[in-house]
Amino acid sequence: MSRVEDLADAADENTVLVMAILGSTFTCRYYDIERLDALVGAKNAAHPGWRLGIHVDAASGGFLAPFASPDLRWDFRLDNVVSIQSSGHKHGQCLAGVGWVLFRTPDLLPRSLIFADAYLGAAQTTLTLNFSKSATGLVNQVYNCLRLGRAGYTSLAFHMYRSAGLLRGGSWWWWWWWWFYFYFFRWP
Ligand SMILES: Cc1ncc(COP(=O)(O)O)c(C=O)c1O
């Protein structure tokens, strides 16, 4: 994994933004985004006119960190984080294909990407080109948020972290239970 110092060092006047991962694909490890924010802030301060921003790829961590580590600062609490994306279909517990992107301010989403028209009597704006798209994923996510709430997602995150810790750390009694389970219940 890249060190955040390397990311900040590599940025120059041609850099659009720096991307940091909250939850790497294989280990769910988090980049130190608060440290990256400080480095990017220092770089912007040293170069008047620069507005180097940070995009946080929270595909895996976006539905874990707010619940398991609410004091961890990786989001819009940091000055230079301009956008965040997360996969609802991972730890958001939704159907495949649900994902979210949040921009810090509306001006960060170029108007040229937004398609506006009046259809069936109402004005609508969309980022996509197709009209008839299933809203199942969206409904699924809203349902989960209402059904589970902060307490439910916190509980899920806690149990996922605990399972991951057991698998990684390999406490002896855990392996014993695993062996027992497969020997008696899973093997023919
Ligand atoms: C760090 C990271 N970013 C992006 C993605 C892609 O996310 P999605 O499948 O929601 O497009 C993944 C998927 O595994 C990921 O782990």
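The values are calculated or read from the model by the stated rules, or taken from the named source; none is laboratory data. What you see is a predicted model, and the numbers here were worked out from it, not measured in a lab. No Cβ is skipped: glycine too gets one built from the backbone with ideal geometry, and neighbour counts run over all protein chains shown.
What the table below lists for this structure:
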| quantity | calculated |
| --- | --- |
| Any hit, region 163-177, residues being within 16 Å of the ligand (Cβ to nearest atom) and touching a residue at least 60 places away in the same chain (Cβ under 8 Å) | yes |
| Leading residue by the ranking (farthest from the chain's Cα centre (by Cα)) among those in region 7-41 that are surrounded by fewer than 12 Cβ atoms within 10 Å (Cβ to Cβ) and within 18 Å of Trp74 (Cβ to Cβ) | Thr27 |
| Residues located in region 67-99, provided they are outside any loop (DSSP other than H, G, I, E, B) and at pLDDT below 95 | Phe67, Ala68, Gly99 |
| Selection within region 108-128 - touching a strand residue (DSSP E or B) at 6+ places or on another chain (Cβ under 7 Å) and either within 16 Å of the ligand (Cβ to nearest atom) or assigned to a loop (DSSP other than H, G, I, E, B) (or both) | Leu109, Ile114 |
| Options Phe115, Phe103: the member that is modelled with pLDDT under 90 and among the aromatic types (Phe, Trp, Tyr) | Phe115 |
| Subset of region 89-107 that is surrounded by fewer than 12 Cβ atoms within 10 Å (Cβ to Cβ) and farther than 20 Å from Cys145 by Cβ - its residue that is farthest from the ligand (Cβ to nearest atom) | Asp107 |
| Condition met for Ala151 (at pLDDT 90 or above, surrounded by 13 or more Cβ atoms within 10 Å (Cβ to Cβ) and among the aliphatic types (A, V, I, L, M)) | no |
| Where a residue in region 43-64 is within 18 Å of Val4 (Cβ to Cβ) and part of a loop (DSSP other than H, G, I, E, B) and its partner, wherever it lies, is more than 16 Å from the ligand (Cβ to nearest atom) and of a type in the set (A, V, I, L, M, F, W, C), with Cβ under 8 Å and at least six apart | Leu52/Ala11; Leu52/Val40 |
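Okay, residues lined up against (1) among the hydroxyl-bearing types (Ser, Thr, Tyr); (2) within 15 Å of the ligand (Cβ to nearest atom); (3) more than 20 Å from Tyr153 (Cβ to Cβ); (4) in contact with a strand residue (DSSP E or B) (Cβ under 7 Å, 6 or more places away or on another chain):
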{"site": "Arg3", "(1), (2), (3), (4)": "no, no, yes, no"}
{"site": "Asp9", "(1), (2), (3), (4)": "no, no, yes, no"}
{"site": "Asn14", "(1), (2), (3), (4)": "no, no, yes, no"}
{"site": "Thr25", "(1), (2), (3), (4)": "yes, yes, yes, no"}
{"site": "Leu39", "(1), (2), (3), (4)": "no, no, yes, no"}
{"site": "Asn44", "(1), (2), (3), (4)": "no, no, yes, no"}
{"site": "Pro48", "(1), (2), (3), (4)": "no, no, yes, no"}
{"site": "Ala65", "(1), (2), (3), (4)": "no, yes, no, yes"}
